[in-house]
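What follows is a short report on a single structure.
Computed from the coordinates by the stated procedures, all read-outs in this text should not be read as laboratory data. Just so it is clear, the model here is predicted, and its values are computed rather than measured. Virtual Cβ from ideal backbone geometry, glycine too; neighbours counted across all protein chains shown.
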Amino acid sequence: MVDVAGAAELVGHESDAELLAVRLAHAQRLGNMGWTEWNLCTGETIWSDQVYAIFGRDPDRGPIPLPELPRHVEPRDARAIDRLVWDALRGVEPVQAEFRIRRGGELRDLRMVLEPLTAPGGHTGLHGVIQDITGRRRAERMMSESRRQLLEARERAAEERHVMLALREAILPAPTGCLDLPDTAVAVRYVPAEKTANLGGDWFEAACAPDGRVMLAIGDVSGHGLPAIARMAQLRHALVGLSMTGEPPDRLLGWLNELVLHQLRDTTATAVIGHLDPRTRMFTWGQAGHLAPILVRDGVATRLRQPRGVLLGATSGRAYEPAATPLRAGDVLLLFTDGLVERRTRDIDVGLDLLLGAARDLPCGDLDAGLDRLVAAIGGPNPEDDACVLGVGILGGC
């Protein structure tokens with residue numbers, strides 16, 4: 001009589017075993033890993049199907065015997081396999097090592113974990129798991145290389161920034177000689193852009209003329225980086241030389257315009273140039289496409305009326321209009337470049353309003369600290385552009 005129940009149970013066990021084998025094979029493929037066993041008594045080696053795939057070896061050729069495995073890895077890694085097997089045979093805990101093989105001409109990274117199989121008489125074999133970790137190691141190497149390149153780029157940027165700031169400092173030293181003028185205080189702030197690549201051609205000048213007047217100037221050359229700094233140096237040095245003629249600011253601007261047109265090709269620049277007479281407290285000035293200075297008087301900040309003046313390098317033969325602004329004790333005159341008020345995230349008029357609001361509190365007797373507070377009040381350094389601020393306080397009892 002046929003035991004139907006027993007046969008059904010046997011079929012069920014066979015189905016479970018097949019399902020388990022399928023799931024195990026699927027897990028090995030997903031993890032790109034396989035298992036192996038080496039029998040130390042018989043010398044027999046067993047590989048799972050995935051190990052053949054990892055080594056790119058035809059299953060008909062059979063597995064690689066354990067003693068021959070070092071000959072199938074990269075020569076520099078052969079000793080790692082020998083050491084791994086030796087450690088596994090001496091111990092009782094699993095050991096692991098990484099090595100490389102060539103599969104179809106491609107270098108592959110593998111990791112093998114070996115665990116000794118023991119019996120009462122000692123070790124009888126080794127059970128191992130081999131995993132292809134090429135993708136993981138490749139990703140790690142790519143990330144390491146990316147980090148290395150990022151660090152190098154940061155180091156280069158820091159070095160370039162150091163060089164450019166040192167160059168600017170050499171070109172734009174702090175004004176000397178004007179700080180001790182009778183009844184006049186001069187303070188300057190250069191605020192570099194937060195991004196190295198955006199360091200540009202902002203400049204200022206505060207120099208005493210032979211006749212006792214003070215030349216005050218500020219400007220911005222188009223572009224960024226070393227080329228803009230080089231052009232800025234040419235323009236500023238030219239102004240310093242031309243100012244020794246004693247000619248008025250509108251004439252100086254006309255000469256600078258011709259210089260930019262004919263010597264600094266493909267360049268434009270803005271500027272405000274003025275003469276302050278400490279005796280009469282008269283500020284005579286002109287501008288070339290630049291934002292007008294701000295006058296702070298009795299706690300009220302206003303922009304000066306802007307005389308006509310085209311951008312330097314824009315066209316030839318255009319005259320620059322002169323302007324004269326009488327100052328009195330307690331006044332503060334503020335010259336600045338657009339990097340102070342312009343941001344990519346806000347309209348320039350918003351920045352100007354912020355500047356006017358912050359300028360109301362500028363003390364003519366402590367301009368150094370006042371300029372620091374002013375820069376902080378309107379948003380601090382500009383990530384996209386550098387900025388210059390030139391403050392002049394008329395003391396005389398303030």
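Points worth noting:
- Restricting region 236-323 to trypsin sites (Lys or Arg not before Pro) that sit in a DSSP loop and have at most 10 other Cβ atoms within 10 Å of their own Cβ leaves 265, 279, 305.
- Value of Rg to Rh for region 223-342 (Rh from inverse mean 1/r over Cα pairs, i.e. Kirkwood): 0.98
- With contacts taken as Cα pairs under 8 Å at a separation of at least 6 residues, region 288-333 carries a relative contact order of 43 percent.
- Cβ-based exposure ranking for 18, 115, in which fewest neighbours within 10 Å come first: 18, 115
- Helical contribution to [θ] at 222 nm, DSSP H n ≥ 4, -39,500 (n - 2.57), averaged over the chain, rounded to 500: -12000 deg cm²/dmol
- The chain, dipole about Cα centre (Lys/Arg Cβ +1, Asp/Glu Cβ -1), debye to the nearest 20: 1100
- Whole-angstrom Cα spans of region 31-132 along principal axes, big to small: 44, 28, 25
- Region 172-394: relative contact order in percent, alpha carbon pairs under 8 Å with at least 6 residues between: 26
- Alpha carbon convex hull of region 344-396, volume per residue in cubic angstrom: 78
- Across the chain, the relative contact order, built from alpha-carbon pairs under 8 Å that are at least six residues apart, equals 13 percent.
- For residue 319 and residue 369, a Förster radius of 41 Å and the Cβ-Cβ distance give a FRET efficiency of 0.55, rounded to the nearest 0.05.
- Over region 172-394, equivalent-ellipsoid semi-axes from the Cα gyration tensor in Å: 24, 22, 16
- In nm, spacing of pseudo-spin labels at residue 136 and residue 58 (7 Å Cα→C-beta vector): 3.2
- 90, 343 arranged by Cβ crowding within 10 Å, fewest neighbours leading: 90, 343
- Total charge dipole magnitude, region 172-394, about the Cα centre, Cβ charges on Lys, Arg, Asp, Glu only, Debye to nearest 20: 320
- Computed from the Cβ-Cβ distance with R0 of 41 Å, the FRET efficiency linking residue 329 to residue 166 stands at 0.60.
- Here the Karplus relation 6.51 cos²θ - 1.76 cosθ + 1.60, evaluated at θ = phi - 60°, turns the backbone of region 341-346 into coupling constants of 10, 9, 9, 5, 8, 8 Hz, with x for every Gly and Pro.
- Pairwise Cα inverse-distance average, inverted: Kirkwood Rh of the chain (Å): 27.7
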